[in-house]
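The values are calculated or read from the model by the stated rules, or taken from the named source; none is laboratory data. Bear in mind that the values here come from a model prediction, so they are computed numbers and not experimental data. Glycine gets a Cβ as well: all are built from the backbone with ideal geometry, and neighbour counts include every protein chain shown. Heads up: the accessible areas ignore ligands, DNA and RNA and are worked out on the full protein's heavy atoms, side chains in. Shrake-Rupley method; radii C 1.70, N 1.55, O 1.52, S 1.80 Å.
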Amino acid sequence: MKREFETDVAIIGAGPVGLFAVFECGMLKLRCVLIDALDAVGGQCTALYPEKPIYDIPAHPAIEAGALVSQLEAQIAPFAAPRLLGRRVERLAGTAGGFELGTDHGDVVRAKAVIIAAGAGAFGPNRPPLAGIEAFEATGDVRYYVRRREDLRGRRVVIAGGGDSAVDWALALQGIASSIMLVHRRAKFRAAPEMAARLDAAAAAGEVELVIPYQLHGLHGVDGRLEAVEVAALDGRTRRLEADVLLPFYGLSMDLGPIAGWGLDLELHRVRVDPATGQTNVPGVFAVGDVVSYPGKLKLILQGFSEAAVAAHAIHPIIFPNEALHFEYSTSKGVQPHG
Ligand SMILES: Cc1cc2nc3c(=O)[nH]c(=O)nc-3n(C[C@H](O)[C@H](O)[C@H](O)COP(=O)(O)OP(=O)(O)OC[C@H]3O[C@@H](n4cnc5c(N)ncnc54)[C@H](O)[C@@H]3O)c2cc1C
């Protein structure tokens, strides 16, 4: 069903930073509509690592990514921002004070300003080029995200990749998967030193089998049900690894998708902004979170939160040109739902 909205600010992307942008805008009485290509809010936190603890959110010594998203949802609930989920924004036209956005479902959002909080863009995993992989993806026997560790209880798991995700999951599935094999084409892993040391210990204890230096070569099974993963060494030797599930962790493709065609100043798949305002080269279009580029930018949730506050304050005069904005603490004004 096509939907139409008229609002002050259209927020593209409902990752943690897009969600917090609803709060910061709401506190300044700016009405928002939130749009995301995924059918759940939370961006990378929900799609990639909901059960992992995050340790660098201020005042939370540790908080699971999924719990952080739930807390953000509770924080923005008073502002009741309409959501368009499972809809990708394809089109952006207009100028400050009068933008029109169009989604792949034909929805139209008219907004006076736009915040792009699109993270890595319409992100997707890098898929290994293995014959017939689609059938195994359809059953979930090849999967790129682990939503719940428990789903893998008692299963024989092969993990492929040499970075943080591959190593973290090899460790996180100990005691849950019935066997864990980690395939990497080099002998050395590109993981944080502490995690690499823990992996060495797990391998020495026989809890994780390191299949190195090998790379994925083929999949065996019937009707999408995985029976074994074939791996090959550089010299052509192959091995058959009996398995129920393959988790390839070859990183995310950084495809900005349609955003790349909106006339924005880009730098290596990211949108350049003025860090003092969050504004892009197109007046009225702002960007926050992982999608932005400026000197000193860190791809951290906490920095994205601060960018959301900066952008909301910079947008206020576009929506209320005749009102001076008096800076106020939340402790003074409280949280007031829109009337
Ligand atoms: C395994 C892992 C561990 C991490 N650990 C930490 C950590 O400990 N601390 C930390 O600070 N950060 C961590 N991060 C990084 C953190 O998750 C990101 O910095 C954060 O998610 C960025 O938030 P965001 O809202 O900018 O973008 P994202 O979370 O990427 O969300 C962007 C959203 O925009 C949507 N979107 C994109 N294009 C469109 C479009 N055209 N139309 C509609 N929707 C669109 C996407 O579907 C997505 O949902 C980790 C990341 C990973 C993968």
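Details
- Qualifying positions in region 65-106 - among the aliphatic types (A, V, I, L, M), away from the ligand (no atom under 12 Å from the Cβ), open to solvent by 30 Å² or more (accessible area, probe 1.4 Å) and in contact (Cβ under 8 Å) with a residue 40 or more places away in the chain: A80, A96
- Filtered residues of region 41-57 (kept if more than 6 Å from the ligand (Cβ to nearest atom) and either within 9 Å of the chain's Cα centre (by Cα) or open to solvent by less than 40 Å² (accessible area, probe 1.4 Å) (or both)): V41, G42, T46, A47, P50, I57
- Residue within region 3-14 that is within 18 Å of S306 (Cβ to Cβ) and more than 6 Å from the ligand (Cβ to nearest atom) present: yes
- As for region 248-266, it holds at least one residue that is over 21 Å from E24 (Cα atoms), more than 14 Å from the ligand (Cβ to nearest atom), in contact (Cβ under 8 Å) with a residue 40 or more places away in the chain and touching a Gly at 6+ places or on another chain (Cβ under 8 Å).
- Here L30 does not fit the description of being in contact with a helix residue (DSSP H, G or I) (Cβ under 9 Å, 6 or more places away or on another chain), crowded, with 18+ Cβ neighbours inside 10 Å and modelled with pLDDT under 95.
The rows are residues; the columns are (1) farther than 23 Å from E134 by Cα; (2) over 29 Å from the mean Cα position of the chain (by Cα).
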residue: D168; (1), (2): yes, no
residue: G175; (1), (2): yes, no
residue: M181; (1), (2): no, no
residue: A192; (1), (2): yes, no
residue: A197; (1), (2): yes, no
residue: E207; (1), (2): yes, yes
residue: L234; (1), (2): yes, yes
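Residues are listed down the side, and each one gets a yes or a no for (1) more than 16 Å from E209 (Cα to Cα); (2) outside any strand (DSSP E or B):
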residue	(1), (2)
V146	yes, yes
E150	yes, yes
V157	no, no
S165	yes, yes
Q174	no, yes
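- Test: residue in region 226-243 that is small (G, A, S), at positive phi and touching a helix residue (DSSP H, G or I) at 6+ places or on another chain (Cβ under 9 Å): no
- Residues satisfying the stated conditions in region 127-170, i.e. under 12 Å from L216 (Cβ atoms), open to solvent by 30 Å² or more (accessible area, probe 1.4 Å) and touching a residue at least 12 places away in the same chain (Cβ under 8 Å): R127, A131
- Residue match in region 309-319 (condition: within 15 Å of the ligand (Cβ to nearest atom), part of a helix (DSSP H, G or I) and open to solvent by 60 Å² or more (accessible area, probe 1.4 Å)): no
- Residues within region 26-40 that are in contact with a Lys or Arg (Cβ under 8 Å, 6 or more places away or on another chain) and more than 8 Å from the ligand (Cβ to nearest atom), tallied: 3
- Test: residue in region 264-275 that is part of a loop (DSSP other than H, G, I, E, B), at positive phi and of a type in the set (A, V, I, L, M, F, W, C): yes
- Within region 107-128, the set of residues being out of contact with any Phe, Trp or Tyr (no Cβ under 6 Å at 6 or more places or on another chain) and either part of a loop (DSSP other than H, G, I, E, B) or within 13 Å of the ligand (Cβ to nearest atom) (or both) comprises D107, I116, A117, A118, G119, A120, G121, A122, F123, G124, R127, P128.
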